[in-house]
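Here the structure comes first, spelled out in structure tokens, and everything after it is commentary.
Coordinate-derived values only; no laboratory data. Just so you know, these numbers come straight off a predicted model, no measurement behind them. Cβ: placed from backbone, ideal geometry, glycine included. Neighbour counts: every protein chain shown.
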Ligand code: CP
């Protein structure tokens, strides 16, 4: 059984096949009739143990555009609240003849654990602070679309790298596709050994922006902060926030990305998030086509 648990184990050919397939599906979903019958014999369960807007809706739309049967499960309001385990929950869902599971969970490794114990394709829709593979695929697909290619591009990932699954998956995908990667944030939000992944490390946002072609600006994840937050939101906005004044002072054009949800006025101001240099909503649009490609390729219906 094939799974998508992370980007780490994908090679360049894998990612390029996903991009080619996503390009075809993007053309399909821009037609008046957006559906294809590819997954009409496949049933997919979207099981979300953690909140989501984009990923959950994007997977559900991708599945419906492929004509799959879809069931949705949210831990809140379920028997998880009565103490049912992850494995029992998923085995009960699979007993209803489900073929593929899309899962978001707050524990790193939860989808890897499931993949060893159940007989279904599993797609990781974000596991704690570990990986968010489809986010990195849609991000790099969006860079390719905007800039022509990912190879050789200088990409800085800004913000809360320590708590970010988006950062880790993006680092793997960008490096596999030949981009140069930098991370930038306050030292308290950078993992100690991040340099060992082969990324540049910068704690000065101006220097990072002067270096890059593309800035992927992450949300400050207050819900993952164990300790009292440092720096404070006000300090973060002052020293690391990306605003129009800062970008205008650089005398160059930078493509702006953000995985969402945005804390407007903290990591990014509205005049940057909503500017012509921002591809934030194109990322969301591309998410559906990229997830269609992943579902289609994993289901093996080609
Ligand atoms: N980017 C992202 O994963 O957003 P959601 O948490 O809303 O799914």
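What residue among 93, 157, 123 has the largest mean-square fluctuation in a Gaussian network model of the chain, using Cα springs under 10 Å?
The residue that fluctuates most here is 93.
At 222 nm, what helix-only mean residue ellipticity would the chain give, in deg cm²/dmol to the nearest 500, using -39500 (n - 2.57) for each DSSP H run of four or more?
Only helices count here, giving -11500 deg cm²/dmol.
Treat each spin label as a single point 7 Å out from the Cα along the C-beta direction, and report the residue 14 to residue 2 distance in nm.
Rounded to a tenth, the inter-label distance reads 1.0 nm.
Could you estimate the translational diffusion coefficient of the range 174-214 from the Stokes-Einstein equation, with Rh from the Kirkwood formula over C-alpha pairs, at 10 °C and 1.306 mPa s, in whole µm²/s?
146
May I have the convex hull volume per residue, in Å³, for the Cα set of the chain?
Dividing the Cα hull volume of the chain by its residue count gives 134 Å³.
Quick one: order 98, 71 by neighbouring beta-carbon count within 10 Å, fewest to most.
71, 98
For residue 271 and residue 238 in one chain, what is 0.36 nm times their gap in residues minus the Cα-Cα distance, to one decimal in nm?
Stretched out fully, the residue 271 to residue 238 stretch lengthens by 10.3 nm.
Can you sort 105, 112 from fewest to most other Cβ atoms within 10 Å of each residue's own Cβ? The partial results should precede the final answer.
On the way: 105 22, 112 16.
So the ranking, lowest neighbour count to highest, is 112, 105.
As a test of the definition: which semi-axes, in Å, follow for the range 135-283 when you take the square root of five times each eigenvalue of its alpha carbon gyration tensor? Largest first, please.
Values for the range 135-283, descending: 21, 18, 14 Å.
Taking just the C-alpha trace of the range 256-302, give me its Rg and Dmax in Å.
14.7, 45
Quick check on the range 93-179: what does the Kirkwood estimate of hydrodynamic radius come out to from the alpha carbon pairs, in Å?
So the Kirkwood estimate lands at 14.2 Å.
Please work out the C-alpha center-to-center distance from the range 258-300 to the range 171-209 and express it in whole Å.
Value for the Cα centre distance between the two parts: 20 Å.
Taking all pairs of distinct Cα atoms, average 1/r, flip it, and tell me the Kirkwood hydrodynamic radius of the range 53-202 in Å to one decimal place.
Hydrodynamic radius (Kirkwood, Cα only) of the range 53-202 equals 17.2 Å.
Determine Rg/Rh for the range 9-102; Rg is computed over alpha-carbon atoms and Rh is the Kirkwood hydrodynamic estimate from the same atoms.
Result: Rg/Rh = 1.04.
Full extension from residue 84 to residue 33: what is 0.36 nm times the residue separation minus their Cα-Cα distance, to one decimal in nm?
Roughly 14.3 nm would be gained on extension.
Please give the peptides 289-300, 28-39 ranked by average Cβ packing (other Cβ atoms within 10 Å per residue), highest first, as a rough proxy for protection.
Descending mean neighbour count gives 289-300, 28-39.
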